[in-house]
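Student: Right, I'll just put the structure down here and ask away after.
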């Protein structure tokens, strides 16, 4: 079976997913939709697809699934439309910035028995998957503490910051999902601290650029997350999981993994400087997982519920910063 796709949104992330779909032997990119005709045409021509409107893709008999890469405030409406149209849906995170709106959307997904996968791509990074496998194989005993470091090379434009939903809903949300993925238990409380250390304009836009979050489960397991919108040395992505019998970690990745030693000391190449190059394999793997679930009729993961839970953790973190208190989830 070849799963036939429509991609909604021909921007940066739309290009990533169009490449992943077109590179999968079990998939075909049929159509691309975008509010900007030139962007849609360029992406469609690159992969031999057609340019269609969202309504045309919604009604099409030759499209089985859609990838939603449009602005966040359109996600929930589009999920509902394509759920009712009988299409399988892959949607970039978040479903919406409001938890109540997400819950209403997921009710439509449930009522229509639609397949929905939310794009938490880091679950599909080979290095992070290996960490999870080591945990599942019992190589470090019972999980006790998770440490996640996630720092961007530089902050996005302030006009993006203003509409992003804030650092917790936009950036840390990936780490909230990863923490749940690795802890093996649900989070019951959140403590967060945040500041503006990188760019005063981010604070003027009502957001933060530096944050630390502690998550706790009912049994006492903990996850510590540190975020920054600035890392002068590259895209900093590290994970460590400490267990009762050992520890497993995933180090930063580089485009080339070599080390040079000479009279000046030991040197290594710089880190990746962009999420699209650091997580290339992850994006391909998550689309492959989505396709396999459609073909085999298997359960999809991460689900809309995973997206909702990560958003609720983001909301709790923001409340913790504002109140200076630990927040129960």
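Matching residues to (1) within 22 Å of the chain's Cα centre (by Cα); (2) surrounded by fewer than 17 Cβ atoms within 10 Å (Cβ to Cβ); (3) under 19 Å from residue 121 (Cα atoms):
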| residue | (1), (2), (3) |
| --- | --- |
| 166 | yes, no, no |
| 173 | yes, no, yes |
| 176 | yes, no, yes |
| 182 | yes, no, yes |
| 186 | yes, yes, no |
| 194 | yes, no, no |
| 198 | no, no, no |
| 237 | yes, no, yes |
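Student: If you scan region 135-185, which residues turn out to be outside any strand (DSSP E or B) and farther than 27 Å from residue 207 by Cα?
Tutor: 135, 136, 137, 138, 139, 140, 141, 142, 182, 183, 184, 185
Student: From the list 241, 247, which residue is farther than 17 Å from residue 177 by Cα and not in a helix (DSSP H, G or I)?
Tutor: Result: 247 is the single residue among 241, 247 that is farther than 17 Å from residue 177 by Cα and not in a helix (DSSP H, G or I).
Student: I'd like the residue in region 293-308 that is over 13 Å from the mean Cα position of the chain (by Cα) and in contact (Cβ under 8 Å) with a residue 24 or more places away in the chain and, out of all such residues, is nearest to residue 169 (Cα to Cα).
Tutor: Within region 293-308, the match that is nearest to residue 169 (Cα to Cα) is 305.
Student: A follow-up question, please. Regarding region 5-23, can at least one residue be identified that is in a loop (DSSP other than H, G, I, E, B), on the phi > 0 side of the Ramachandran plot and surrounded by fewer than 23 Cβ atoms within 10 Å (Cβ to Cβ)?
Tutor: Scanning region 5-23 turns up no residue that is in a loop (DSSP other than H, G, I, E, B), on the phi > 0 side of the Ramachandran plot and surrounded by fewer than 23 Cβ atoms within 10 Å (Cβ to Cβ).
Student: While we're on this one: Looking at 221, 278, 229 in this structure, which one is in the same structural domain as residue 314 (by TED's automatic domain parsing), under 24 Å from residue 19 (Cα atoms), touching a strand residue (DSSP E or B) at 6+ places or on another chain (Cβ under 9 Å) and crowded, with 19+ Cβ neighbours inside 10 Å?
Tutor: Working: 221 fails: under 24 Å from residue 19 (Cα atoms); 229 fails: under 24 Å from residue 19 (Cα atoms).
Exactly one residue qualifies, and that residue is 278.
Student: Could you tell me whether region 262-275 includes any residue that is part of a helix (DSSP H, G or I) and surrounded by 15 or more Cβ atoms within 10 Å (Cβ to Cβ)?
Tutor: Initially, region 262-275 is screened for residues part of a helix (DSSP H, G or I), giving 275.
If we keep only those that are surrounded by 15 or more Cβ atoms within 10 Å (Cβ to Cβ) too, we end up with 275.
Yes, the conditions are met somewhere in region 262-275.
Student: Given the condition without any contact (Cβ under 8 Å) to a residue 60 or more places away in the chain, in contact with a strand residue (DSSP E or B) (Cβ under 8 Å, 6 or more places away or on another chain) and over 14 Å from residue 70 (Cβ atoms), answer yes or no: does some residue in region 2-10 qualify?
Tutor: yes
Student: Looking only at residues in region 115-134 that are in contact with a helix residue (DSSP H, G or I) (Cβ under 6 Å, 6 or more places away or on another chain) and assigned to a strand (DSSP E or B), which one is nearest to residue 234 (Cα to Cα)?
Tutor: So, considering only residues that are in contact with a helix residue (DSSP H, G or I) (Cβ under 6 Å, 6 or more places away or on another chain) and assigned to a strand (DSSP E or B), the one nearest to residue 234 (Cα to Cα) is 118.
Student: Can you name the residue in region 294-308 that is out of contact with any strand residue (DSSP E or B) (no Cβ under 8 Å at 6 or more places or on another chain) and at pLDDT 95 or above and is also nearest to residue 93 (Cα to Cα) among such residues?
Tutor: Ranking the qualifying residues of region 294-308, first place goes to 308.
Student: Is it fair to say residue 213 is part of a strand (DSSP E or B), surrounded by 18 or more Cβ atoms within 10 Å (Cβ to Cβ) and in contact (Cβ under 8 Å) with a residue 40 or more places away in the chain? Show your work before the answer.
Tutor: Working: part of a strand (DSSP E or B): yes; surrounded by 18 or more Cβ atoms within 10 Å (Cβ to Cβ): yes; in contact (Cβ under 8 Å) with a residue 40 or more places away in the chain: yes.
Yes, satisfied.
Student: For region 93-114, how many residues meet the condition of being surrounded by 22 or more Cβ atoms within 10 Å (Cβ to Cβ) and not in a helix (DSSP H, G or I)?
Tutor: The total comes to 3.
The values are calculated or read from the model by the stated rules, or taken from the named source; none is laboratory data. Note that the structure is predicted; figures quoted are calculated from it, not measured. Heads up, the Cβs are rebuilt from the backbone with ideal geometry, glycines too, and the neighbour counts pull from every protein chain shown.
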